[in-house]
Structure formats: structure tokens, C-alpha cells
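All remarks here apply to the structure that follows.
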């Protein structure tokens with residue numbers, strides 16, 4: 001049995017794994033885990049990832065969660081070009097540094113915008129106050145400033161001259177607000193250039209394909225069953241996490 | 001020039017890096033950055049790390065932040081015993097998996113207990129509300145359930161029979177609430193046994209030395225707050241961000 005990737009492409013880390021595997025021609029079976037219908041709570045998926053989050057990977061008997069771990073595993077196991085996760089210690093450390101920092105900054109704030117603008121108002125039937133939405137965008141932009149000043153620093157890519165896992169992960173996260181019609185990079189020419197560069201490296205067709213689900217989020221969110229116990233529990237969890 | 005470690009041992013990720021360096025006899029110079037008095041905001045330190053956070057290492061011209069990145073860099077550069085960050089792809093992936101997961105779960109929840117027990121009273125002048133404290137403790141308990149069910153299970157250490165970076169990072173985080181007098185592992189024989197095992201693998205003396213600062217942080221803060229008004233104001237301002 002070959003590699004299986006358990007994914008829902010609404011999710012940023014799922015997109016990073018999907019794009020990486022496809023770009024590098026790594027053969028895998030796409031196993032959809034529909035978060036909207038609670039498929040992550042199925043018995044079958046529980047055997048793959050007890051934490052019930054995506055992405056998850058099954059390689060023979062070996063199961064693995066956490067996109068950062070999955071990406072590194074795939075980069076090392078399969079013959080992928082060095083620039084994704086360089087063998088050079090210092091370049092590799094730069095990738096690790098970004099992938100560590102981004103959890104509570106770009107990832108968190110980008111997700112928050114998607115939740116506050118997209119998911120939560122539809123599920124609760126209540127709009128989010130404007131000042132909270134503005135604050136969420138400001139917080140993301142503070143992280144983006146740090147991203148520009150500390151991680152990109154005028155270089156074409158985070159590590160230097162070539163695209164790496166760091167750029168891929170950063171970009172999928174910064175795409176998330178677009179699922180609610182907001183482009184956080186508007187007014188940030190250097191980041192827009194960086195985005196175009198990374199899209200070019202991934203390949204426009206693959207990039208667009210990976211983001212198709214996200215761009216149709218408004219429709220898929222409307223189709224959710226907001227009255228189901230699972231959805232109501234999810235709302236409580238999200239409200240706490242993204243207050 | 002020897003490796004430089006910019007750290008404050010009140011900080012969990014600083015402790016992981018400190019312990020790892022000492023345990024593996026990697027020579028380094030400790031440059032203390034006292035977070036409680038806002039030294040991370042100094043102009044000099046900003047030149048080292050624009051993020052104004054610790055830990056940071058400086059290896060000749062190469063500066064690196066983020067403890068997870070630092071630990072992996074050190075393990076590979078200094079070719080430390082394999083068990084810390086195994087060469088085997090699947091074992092290594094298990095370490096990576098834990099180190100990623102803990103960033104948004106165990107780390108913030110354990111840190112929150114310390115902040116509520118020790119920093120909150122300083123900023124507000126009174127103890128954290130009981131219901132908020134209980135909520136924080138319940139959240140940490142939930143996270144520890146996931147830690148046990150998914151990561152530790154019934155193994156001696158997270159990835160198997162030997163200690164790795166995963167256990168080191170976990171234990172540093174789980175010691176933080178003890179700085180506020182709260183033991184999150186109390187009542188769990190499996191987790192307290194794991195903690196004892198990790199302590200022993202690190203070495204009791206090194207472990208205790210690394211944790212002296214956090215276990216006396218509450219007292220340090222008390223005497224700080226009897227100091228000059230500017231220091232007090234700087235410290236309060238620096239903690240306030242946690243309680244927006």
C-alpha cells in the first residue's frame with residue numbers, strides 16, 4: 001500500500017502538504033477528510049490520527065500528523081530538490097526557524113481572519129463587531145511586518161535565492177483570508193512580489209488547483225449544518241481559540 | 001569565539017536549549033537577558049534578534065532564534081547522541097511531530113498557568129479570577145490527556161525507549177506552572193513517572209540548576225517590585241500584553 005494523505009483543502013497546512021507532494025511527483029492517494037461533515041471524528045480516521053486533525057499521513061504502517069513533520073518527512077524520504085529543505089545546516093535552520101515562529105503568528109492571525117469573517121458569522125448567525133475584525137487584520141499585518149523585516153529581509157525567498165518549505169507554508173497561510181474576500185497583501189508590494197515568485201515556483205496550475213476549495217469557501221460554509229451538535233461544539237472551540 | 005546563548009532561564013524554551021548544551025558538553029557563553037526587567041527590548045539585544053525574544057544563539061556570524069530550530073541545529077552540528085534527534089526518518093518525524101504540536105497546545109496552556117498565578121496579580125494588583133484560573137487548569141488537563149494518549153502512551157519516553165528533544169521541550173514547558181506553585185502532573189502516576197525518568201536522563205543536578213530561576217521567580221518579582229519605580233513600570237508594561 002502506498003502513501004496516503006488525509007486532507008481537506010480548506011485547511012492551510014493540508015494545502016502545503018498537497019502542493020509539496022504534487023510538485024515533487026510523489027505518488028499518493030488523496031483521502032478526503034471533510035471537516036464540514038465531521039469526518040475527522042470517524043473511527044477510520046481516528047486510527048490514522050488520534051488528535052483528529054488534518055493533515056495526516058499514512059505510509060505503510062507509519063502514521064504521522066502535523067504538516068511541519070509531514071513536509072520534512074516527505075522532503076527527506078523522497079528525492080526532492082535540495083532547496084525545499086536544504087542539507088546545509090544553516091539554511092536548514094532558517095527553514096526550521098520560520099516553521100517554528102509561524103504557528104502563533106502568521107498562522108494564527110490568518111486563521112483568525114478566516115474564522116471571524118467567514119466561518120463564525122455564518123455558523124452563529126451573528127456578525128462579528130467591526131472593531132474585532134479590524135483588530136484581527138491589524139494583528140496579521142504586524143506579523144507580516146515582522147515577516148518582511150526578519151524573515152524575508154529583501155531576499156527573494158526566506159532562505160535566500162530559492163524557494164523552500166518555509167515560503168510554501170507562509171504562502172498557504174497568507175492565502176486563507178482570501179477565502180473570505182480579503183487580500184491581506186494588498187498594499188504590500190514586496191510581499192505581493194514574493195507571492196508571485198512562490199506561485200511561479202509551485203506552478204500556477206497546481207497553485208490554483210490547490211486553492212480552488214478555499215476560494216469557494218463562502219458556498220461550502222453556507223452548506224454547513226449549523227444546528228448539528230458537532231458544529232455547535234466546533235463553534236464553542238473556535239470562539240475560545242479566536243476571541 | 002564560543003557559541004553565545006542569549007537566554008533567561010525563567011523562559012521554558014531557554015531552559016531546553018541550556019540543558020541540551022550543558023548535557024552534551026557543548027561549550028557556550030551564557031548572555032543573560034532578564035525578561036522580568038524588559039532587557040529584551042534593549043537596543044543592543046534588538047541588534048541580535050529583531051524579534052526581541054529569547055532564546056537566541058550566535059554561532060560566529062550566524063544568529064538563530066526559535067528553540068525548536070536551535071535544538072535541531074545543535075544536535076546536528078555537534079553530532080550529539082542519536083537518541084536526541086534520531087537519524088532514522090520515522091523516529092525523527094515523531095520528534096518533529098511533537099515539537100510542532102506543542103507550539104499551540106501544551107506550550108501556551110502551561111505558560112498561561114504561570115502567567116495567571118504570578119504575572120496577573122502584578123499587573124492588576126489582585127489574584128486571577130477563580131473561574132478563569134479553573135478554566136486554564138482544565139484546558140491544561142485536556143492537553144495533557146492528548147499528550148498521554150497520542151504522544152507518550154505507555155512508552156518510557158515520547159519516541160520510545162530513550163529521551164529525545166521532544167521530552168526535553170515537554171518537561172521544560174511542564175515545569176513552568178510550578179513557578180506559580182501549581183503542579184499540572186499531580187494525580188497522574190504515568191506522567192509523574194515520565195517526569196522522573198526525564199529528570200534522571202538529564203541528570204538531577206543539571207535539571208535543578210536549570211530550573212532554579214523559574215522556581216524562585218515569584219520571589220524575584222516580589223523584590224523587583226520593591227525596586228525603583230521605573231523598573232516596576234517597565235516590568236508591568238512588559239507583562240500587560242499577556243492580559244489584553
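Only residues that are part of a loop (DSSP other than H, G, I, E, B) and either in contact (Cβ under 8 Å) with a residue 60 or more places away in the chain or surrounded by fewer than 16 Cβ atoms within 10 Å (Cβ to Cβ) (or both) were counted across segment B:53-79, and they come to 4.
In a residue-by-residue description of segment A:97-107, the property of being away from chain B (no Cβ under 12 Å), in contact with a helix residue (DSSP H, G or I) (Cβ under 7 Å, 6 or more places away or on another chain), farther than 14 Å from residue A:165 by Cα and surrounded by 16 or more Cβ atoms within 10 Å (Cβ to Cβ) applies to at least one position.
Annotation for segment B:89-110: no member residue is away from chain A (no Cβ under 11 Å), over 16 Å from the mean Cα position of the chain (by Cα), surrounded by 15 or more Cβ atoms within 10 Å (Cβ to Cβ) and touching a residue at least 24 places away in the same chain (Cβ under 8 Å). Please verify whether residue B:120 is more than 9 Å from chain A (Cβ to nearest Cβ), surrounded by 21 or more Cβ atoms within 10 Å (Cβ to Cβ) and within 25 Å of residue B:167 (Cα to Cα), treating the condition exactly as stated. In short, no.
Report yes if some residue within segment B:117-127 is at pLDDT 95 or above and either assigned to a helix (DSSP H, G or I) or within 18 Å of residue A:53 (Cα to Cα) (or both); otherwise report no. No; the residues of segment B:117-127 include none that is at pLDDT 95 or above and either assigned to a helix (DSSP H, G or I) or within 18 Å of residue A:53 (Cα to Cα) (or both).
Table: residues versus (1) more than 30 Å from residue A:227 (Cβ to Cβ); (2) away from chain B (no Cβ under 14 Å); (3) in contact (Cβ under 8 Å) with a residue 40 or more places away in the chain.
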position: A:10; (1), (2), (3): no, yes, yes
position: A:17; (1), (2), (3): yes, no, yes
position: A:24; (1), (2), (3): yes, yes, yes
position: A:34; (1), (2), (3): no, yes, no
position: A:41; (1), (2), (3): no, yes, yes
position: A:49; (1), (2), (3): no, no, yes
position: A:59; (1), (2), (3): yes, no, yes
position: A:63; (1), (2), (3): yes, no, no
position: A:68; (1), (2), (3): yes, no, yes
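The single residue among A:41, A:45, A:20 that is under 19 Å from residue A:176 (Cβ atoms) and either modelled with pLDDT of 95 or more or touching a helix residue (DSSP H, G or I) at 6+ places or on another chain (Cβ under 9 Å) (or both) turns out to be A:20. Do the conditions hold for residue B:146, that is, is it within 8 Å of chain A (Cβ to nearest Cβ), at pLDDT 95 or above and out of contact with any strand residue (DSSP E or B) (no Cβ under 6 Å at 6 or more places or on another chain)? It is true that residue B:146 is within 8 Å of chain A (Cβ to nearest Cβ), at pLDDT 95 or above and out of contact with any strand residue (DSSP E or B) (no Cβ under 6 Å at 6 or more places or on another chain).
The values are calculated or read from the model by the stated rules, or taken from the named source; none is laboratory data. The structure presented is a predicted model; accordingly, all values stated were derived computationally and were not measured. Quick reminder, even Gly has a Cβ in these numbers, built from the backbone with ideal geometry, and neighbours come from all protein chains shown.
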